[in-house]
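Taking it in order: structure first as structure tokens, then the write-up.
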Amino acid sequence: MVGAGNDFLVITADKSLDYKKLALKACHRTNGIGADGILVLDKSKTADYRMRIINADGSEAEMCGNGARCIATYIVNRKKPTKKLFSIETLAGTILGEAKGEIARVRLSEPTDYRPNISLELNGKKIHVHYIDTGVPHTIVYVNGLADIDVNKIGSTIRYHKAFAPRGTNANFVEQINPNLVSVRTYERGVESETRACGTGSVAAAIISYLETNPGTLQRDQKKATMNVLTQSRETLEVTFDITAQKITNVWLKGSAKFIAQGEYLS
């Protein structure tokens, strides 16, 4: 399946599988099927369903926004849920999902650890970045000329920077197009490369860009803020959220989630 350019292998849980070994082999783009990661649909004791996210390098991620939309579409198509809006357990908390056709919408966990204007030294130069955890850690770097940025080189340096140890961070390079639209390129932790889209990175870029574009917003309650995010795959994702009591709540991510192929993997 593919969600806005992020591609995944989607499987139902199987206790006989070693997910790390499977991801390392099956996600390989030459000797495997090729994917950014594996999504495992499992049973949950606390929600309607459970989603596990295994990155291409075998590590397990707490959350994946594009993956969550793919799982929501998979559930609607394959499990035929009686609920229009269903709950999904993740390592980042319980989220909500719904899907119709090739469009899915998920409500993610509330973002935490917002840290604006962090000073970082990269290769002898100081830059200012913003940090927020939208289920997984994200660093936002505002740039001009996004198309010319060496995302893999600079992104890798930020991803492993001591300021974000021990977890590391995803690195998002953001260019403001207009007050309601930003363009984003992301170096993803776990994939260890630029991906064509990142859902939680889009959410991070949307929230921080909205706060930067509308200074003082956190000091006043506001319902339904919206920011659109143009991904490297050229698809635009819609991010909406509420601002209440100096907190970001009710975060929704909307975009495509499509079936590409199904079949048998010969390991």
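Candidates ILE75, ILE95: the one that is crowded, with 21+ Cβ neighbours inside 10 Å and within 16 Å of THR12 (Cα to Cα) is ILE75. Would you confirm whether or not region 195-213 contains a residue that is surrounded by fewer than 18 Cβ atoms within 10 Å (Cβ to Cβ), assigned to a loop (DSSP other than H, G, I, E, B) and outside the structural domain of LYS100 (by TED's automatic domain parsing)? No, that holds for no residue. For ASP14, indicate whether it is in contact (Cβ under 8 Å) with a residue 40 or more places away in the chain and more than 30 Å from THR244 (Cβ to Cβ). Considered against the rule, which asks whether it is in contact (Cβ under 8 Å) with a residue 40 or more places away in the chain and more than 30 Å from THR244 (Cβ to Cβ), ASP14 comes out as no. If we keep just the residues of region 35-72 that are over 16 Å from THR94 (Cα atoms) and among the charged types (D, E, K, R), which is surrounded by the most Cβ atoms within 10 Å (Cβ to Cβ)? The extreme case among them is ASP36. For THR249, indicate whether it is assigned to a strand (DSSP E or B), of a type outside the set (Gly, Ala, Ser), touching a residue at least 60 places away in the same chain (Cβ under 8 Å) and under 22 Å from ARG115 (Cα atoms). Considered against the rule, which asks whether it is assigned to a strand (DSSP E or B), of a type outside the set (Gly, Ala, Ser), touching a residue at least 60 places away in the same chain (Cβ under 8 Å) and under 22 Å from ARG115 (Cα atoms), THR249 comes out as yes.
Can you tell me which residue is nearest to THR195 (Cα to Cα) among those in region 33-48 that are small (Gly, Ala, Ser) and free of Cβ contacts under 8 Å to residues at least 40 places away in the same chain?
Looking only at region 33-48, we keep the residues that are small (Gly, Ala, Ser), and these are 34-35, 37, 44, 47.
With the extra rule that they be free of Cβ contacts under 8 Å to residues at least 40 places away in the same chain, the set shrinks to 34-35.
Values: GLY34: 13, ALA35: 10 Å.
Only one residue fits best here, namely ALA35.
Does region 145-162 include one or more residues that are in contact with a Ser or Thr (Cβ under 7 Å, 6 or more places away or on another chain), in a strand (DSSP E or B) and farther than 30 Å from VAL76 by Cα? Within region 145-162, none of the residues are in contact with a Ser or Thr (Cβ under 7 Å, 6 or more places away or on another chain), in a strand (DSSP E or B) and farther than 30 Å from VAL76 by Cα.
Candidates are the residues of region 147-189 that are within 18 Å of ASP133 (Cα to Cα) and without any contact (Cβ under 8 Å) to a residue 12 or more places away in the chain; the one that is surrounded by the most Cβ atoms within 10 Å (Cβ to Cβ) is TYR160.
The values are calculated or read from the model by the stated rules, or taken from the named source; none is laboratory data. Keep in mind it's a predicted model, so treat the numbers as computed, not measured. FYI the Cβ positions are ideal-geometry reconstructions off the backbone, even for glycines, and counts take in every protein chain you see.
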